[in-house]
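Please treat every number below as a calculation from the coordinates, not as lab data. All values reported here derive from a predicted model rather than from experimental measurement. Note: ideal-geometry Cβ built from the backbone for every residue, glycine included; neighbour counts use all protein chains shown.
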Amino acid sequence: MRKYRAIVAAVLATTPIVGVSAQPADAVVPAAAKTWSSLMYTAFNGSPEIVKLRAMLPDLRRTVITSKVAIGEAIISQSAAQASVTMATSANLKARRAYATASAARKAAKTSIERRRQLAAERQRSADLNRSVVTLRTAQTRLRTATAKLAAANDAWHAANVAVRNAEQKIAAFGGYDPDAAARAAQLARQVVTDTRATFTIDDTTQVYGITVNKTIAYAFQHMIDDAAKAGVPMSGGGFRTKEQQIKLRVTNGCPDIWTAPASSCRVPTAIPGHSLHEIGLAVDLTYGGRAIPNHDSVAYQWLAANASRYGFENLPSEPWHWSITGN
Ligand SMILES: [Zn+2]
């Protein structure tokens, strides 16, 4: 059984399933069926926005880390720029004092030789002062730039944190299941049946654990079988059958006639050919412990009665084994 499941899983991995990957281009899938599938996908995965946020979350979390690193680097740059400004400020202060001293000495000079000598010194100190002013302004400009970069790095880090928190809150609010999406799918079920009946071909079916079903329900059906198995209720069964198989079944099940007798008049209730949801892959007859679910007391029936609607399935009360998207 384990080995069989592994093979089935490998097949499923390459089979297009509605909601997971696109339909083949030539398949005509009714709009209602597409919507039903995508609503059931939403029921289990959240809205497209939540699916996107979940996919983005690792990148958002990485951005928090890289922006934290950027803050560290910006702090180092800003500290270095601050140290340059401090040095340039004290150099400028010294240059101003030296100039003031030279200027005073020149004014105090008594002889023309002395005046010339002090004037040359004063000019030298003036040039030194001008250079120190340029150095200080350059250092101040660099400090302003470094400070702005640090502020931007802080903003980026805050924004990244907010983005992560918002994404986490929205994902948490989804809670793993959206009953509204499933309810909206249920409202479409009859339309899905009508439209599918009009366009159905065998290409619209796929396999889920060896059960042939319409691609429309494959994703939700697989979820249901998986969750039932996890809950200790492993089930299998039969899904799609052709009109020819339905005709044979009417004979096998002893219906009074093939085309007109009501389903309930057969030994085992069997729909008139052309009317069964099995013929379009939208119904499944479920088995538990190797035989069809026999009655409403069965463990499998009890689990399905409590849970199947979460996956878009309803029971036909006269047939405990028969589950479809409308209960027909
Ligand atoms: Zn059935």
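Annotation for Asp226 and Thr35: the two label points, set 7 Å from Cα along the Cα-Cβ direction, are 2.7 nm apart. Taking 17 Å as the straight-line reach from the Cα of Lys149, the lysines in range (excluding those fewer than 8 positions away in the same chain) are Lys68.
Between 0 and 90 degrees, the angle of helix 215-230 with respect to the longest Cα principal axis of the chain falls at about 90 degrees.
Ordering Val164, Ser126, Ser90 by the projection of their Cα atoms onto the charge dipole of segment 51-174, which places +1 on the Cβ of Lys and Arg and -1 on the Cβ of Asp and Glu, puts Ser126 at the extreme positive end. The order of Ile171, Ile280, Ile217, going from fewest to most other C-beta atoms within 10 Å of their C-beta, is Ile171, Ile280, Ile217. Gyration tensor analysis over the Cα atoms of segment 250-328 returns equivalent ellipsoid semi-axes of 23, 14, 10 Å (largest first, whole Å).
Note down the Stokes-Einstein diffusion coefficient of the chain in µm²/s, whole number, using a Kirkwood radius over alpha carbon pairs, 20 °C, and 1.002 mPa s. It diffuses with D of about 82 µm²/s by this estimate.
If you take all other residues with their beta carbon under 12 Å from the beta carbon of Ser126, and give Lys and Arg +1 and Asp and Glu -1, the sum is +3. Once the other residues with Cβ under 12 Å from the Cβ of Glu244 are scored (Lys, Arg +1; Asp, Glu -1), what is the net sum? Within the 12 Å Cβ shell, the charges total +3.
Let me make sure I get this right: for segment 51-174, a, b and c are the square roots of the gyration tensor eigenvalues over alpha carbons, sorted descending. Under 1.5 in a/c it's rounded, otherwise prolate if a/b > b/c, else oblate. Which is it? The shape class here is prolate.
Dipole of the chain computed with +1 at Lys/Arg Cβ and -1 at Asp/Glu Cβ about the Cα centre; of Ser318, Asn295, Thr199, farthest Cα towards the positive end is Thr199. For segment 69-111, the set of trypsin sites (Lys or Arg not before Pro) satisfying both a DSSP loop assignment and a count of at most 10 other C-beta atoms within 10 Å is given as Lys110. Calculation over all alpha carbon pairs of segment 166-299 in 10 angstrom steps from 0 returns a P(r) of 11, 31, 36, 16, 4, 2, 0 percent.
For Ser103, Ser90, Ser276, what's the fewest-to-most ordering of other Cβ within 10 Å of each Cβ?
Ranked by crowding around the Cβ, least crowded first: Ser90, Ser103, Ser276.
Separation of segment 218-258 and segment 51-114, taken as the distance between their Cα centroids, equals 78 angstrom.
Assigning unit charges at the beta carbon (Lys, Arg +1; Asp, Glu -1) and nothing else, what dipole magnitude in debye, to the nearest 20, does segment 51-174 show about its Cα centre?
720
Ranked by the mean number of other Cβ atoms within 10 Å per residue, highest first, peptides 221-228, 135-142 order as 221-228, 135-142.
Please give the net charge around Ser37, taking every other residue with its beta carbon less than 13 angstrom from that of Ser37, where Lys and Arg add +1 and Asp and Glu add -1. Net charge in that neighbourhood comes out at +1. Only Lys, Arg, Asp and Glu carry charge here, each on its Cβ (+1 for the first two, -1 for the last two); on that basis the chain has a dipole of about 3760 debye about its Cα centre.
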